[in-house]
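Comments concern the structure below.
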Amino acid sequence: MLCAISGVASAQSGTAFNYQGYIEDGGSPVDGTVSLEYELWDAQSGGTQLGSEFTIEDTTAQRGIVTEMIDFGPVFSGGPTWLQVTVDLDGGTDSFVT
């Protein structure tokens, strides 16, 4: 299985923000129920995770597009952050792919 995901995060007031991503499986956009897991990091690789992971189970992807409100709480310090997104294509939480 090959799964591709890309996305955009935009700032909001408070600690929550909107995330919109695009998910493909085998080169085709995903339609159906998926679960997503989000993590914030202070470096692109080898960094420290900021806050806890944020999991959304059983959300709907339509033509590959998912839109979610994410809130990690007060973990943003003004420094650079990286968002890691993993997806479970069957809507469970047992086989996440980065």
Going through region 57-98 in order, the residues found to be open to solvent by 70 Å² or more (accessible area, probe 1.4 Å) and not in a strand (DSSP E or B) are Arg63, Pro74, Phe76, Ser77, Gly78, Pro80, Asp90, Thr93, Asp94, Thr98
Within region 30-51, the residues that are farther than 18 Å from Asp94 by Cα and open to solvent by 60 Å² or more (accessible area, probe 1.4 Å) are Asp31, Trp41, Asp42, Gln44, Ser45, Gly46, Thr48, Gln49
Selection count where residues are touching a residue at least 40 places away in the same chain (Cβ under 8 Å) and open to solvent by less than 60 Å² (accessible area, probe 1.4 Å), scope region 10-24
8
Is there any pair linking a residue in region 46-75 that is closer than 12 Å to Tyr22 by Cα to one that is assigned to a loop (DSSP other than H, G, I, E, B), with Cβ under 8 Å and at least six apart or on different chains, and which?
Ala61/Val30; Ala61/Asp31; Gln62/Asp31; Arg63/Asp31; Gly64/Val30; Gly64/Asp31
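The values are calculated or read from the model by the stated rules, or taken from the named source; none is laboratory data. Predicted model only: the values in this text are computed from it and were never measured. For neighbour counting, all protein chains shown are included, and Cβ atoms are generated from backbone atoms with ideal geometry for every residue, glycine included. SASA here: full protein model, heavy atoms, side chains in, ligands and nucleic acids out. Shrake-Rupley method; radii C 1.70, N 1.55, O 1.52, S 1.80 Å.
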